[in-house]
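First comes the structure, then the notes that go with it.
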Amino acid sequence: MKKYILALDQGTTSSRAIIFDRDQNIVSVSQQEFKQYYPKSGWVEHDPLDIYASQSGVMNECIIKSGIHPDEIFSIGITNQRETTILWDKSTGRPIYNAIVWQCRRTAKICEELKEDKGFKEYVNDRTGLIIDAYFSGTKIKWILDNVPGVKERAKRGEILFGTVDTWLVWNMTKGKVHVTDYTNASRTMLFDIKNLCWDEKILNKLDIPKEILPEVHSSSEVYGTTNLSGTEIPIAGIAGDQQAAMFGQACFEKGQAKNTYGTGCFLLTNTGEKFCKSKNGLLTTIGIGLEGRINYAIEGSVFVGGAVIQWLRAVSYTHLTLPTNREV
């Protein structure tokens, strides 16, 4: 009998895997940090191959440590750092540039230029629930297409694929068979109409992003494909962006329930039910979860630097200090 769920948690500074039993007890955990790149002030990048290698590594290590066989695993669920942008060659699977991380501010000037068009600024907020900001994937995609020679032309020919981290993991885990994301991750791209649940043609045209590079968008819980672990095909059956996954994990199922979690940053999300609500105070509207054909929305407030400052202190200023883990704080 299938007894276990394998959860993959691909974060900003580390990749983690956890195996749970049917009673939601933790059976095994593995975690690995990976390298951060800061090529210029305000720029943050990851190597997409590091992301996949670290996640694949902890997944296999977690299974070995648990002593279970892969054929006892019912399914795999994925949660991931949101907005981080990866473009890769459709035929070879090689990234055409480093992943531009959600924290990266290199496209701030592009965003300021876009905001000069007040009609477009309001349109983006009305359709995506977001503000025009370098935080989101849209202008990161534009930057790569505009700055890596030949990529825009190849993208228009259908030779390049885009994905947030969930899409990149699933594409690799299925050996390039599945190019998909879920509603929660799509809602963080600044390209997705969260009312009509589709990629927005007007925004794509404004940013000059070919629709051909975008993944299919599905619900947060369904079988997207399978991955082979030691000869066993295991369904990949869940995807959600990290903050939405945290809201779901904290059992905020009803309208008005909220969660606040602390990781690389700090994020407060409030479930607003099936109603698209707009904040009067600059908070974001996003998709909280998409299940069984229904969408729950959320209002979100974000603090970009939380645990990241602890990592910065360790890496830059106080390398001699032994810092506590999250659970010890």
The number of residues in region 197-214 that are in a loop (DSSP other than H, G, I, E, B) and either more than 21 Å from the chain's Cα centre (by Cα) or of a type in the set (D, E, K, R) (or both) is 2
In region 128-153, residues that are assigned to a helix (DSSP H, G or I) and either at pLDDT below 95 or in contact with a Leu (Cβ under 6 Å, 6 or more places away or on another chain) (or both) total 6
Quick check, is K90 buried (at least 24 other Cβ atoms within 10 Å of the Cβ), of a type in the set (K, R) and out of contact with any helix residue (DSSP H, G or I) (no Cβ under 8 Å at 6 or more places or on another chain)?
-> no
In region 106-125, how many residues are open to solvent by 90 Å² or more (accessible area, probe 1.4 Å) and under 19 Å from G282 (Cα atoms)?
-> 5
Confirm whether K140 is under 26 Å from L197 (Cα atoms) and either polar (S, T, N, Q) or surrounded by 18 or more Cβ atoms within 10 Å (Cβ to Cβ) (or both).
-> yes
Name the single residue, out of those in region 215-235 being in a strand (DSSP E or B) and among the hydrophobic types (A, V, I, L, M, F, W, C), that is most open to solvent (accessible area, probe 1.4 Å).
-> V217
Within region 41-76, residues among the aromatic types (F, W, Y) and either open to solvent by less than 20 Å² (accessible area, probe 1.4 Å) or within 20 Å of G11 (Cβ to Cβ) (or both) come out as W43, Y52
Residue list for region 259-296, restricted to those being open to solvent by less than 20 Å² (accessible area, probe 1.4 Å) and either at pLDDT below 80 or touching a Lys or Arg at 6+ places or on another chain (Cβ under 8 Å) (or both) = G265, L269, N271, T272, G273, T285, T286
Pull up region 150-175, narrow it to residues that are out of contact with any Ser or Thr (no Cβ under 9 Å at 6 or more places or on another chain) and open to solvent by 10 Å² or more (accessible area, probe 1.4 Å), then point me to the one that is nearest to L49 (Cα to Cα).
-> W171
Scan of region 181-214 for residues that are in contact with a helix residue (DSSP H, G or I) (Cβ under 9 Å, 6 or more places away or on another chain), open to solvent by 10 Å² or more (accessible area, probe 1.4 Å) and of a type in the set (S, T, N, Q), ordered by number = N196
Which one of these is surrounded by 15 or more Cβ atoms within 10 Å (Cβ to Cβ), under 30 Å from G282 (Cα atoms) and in contact (Cβ under 8 Å) with a residue 24 or more places away in the chain: I96, I100?
-> I100
Determine whether E254 is at pLDDT 90 or above, out of contact with any Asp or Glu (no Cβ under 7 Å at 6 or more places or on another chain) and either in a loop (DSSP other than H, G, I, E, B) or open to solvent by 60 Å² or more (accessible area, probe 1.4 Å) (or both).
-> no
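The values are calculated or read from the model by the stated rules, or taken from the named source; none is laboratory data. Bear in mind the structure is a predicted one, so any value in this text is a computation, not a measurement. Note: ideal-geometry Cβ built from the backbone for every residue, glycine included; neighbour counts use all protein chains shown. Protein only, heavy atoms only, side chains kept; ligands, DNA and RNA dropped before computing areas. Shrake-Rupley method; radii C 1.70, N 1.55, O 1.52, S 1.80 Å.
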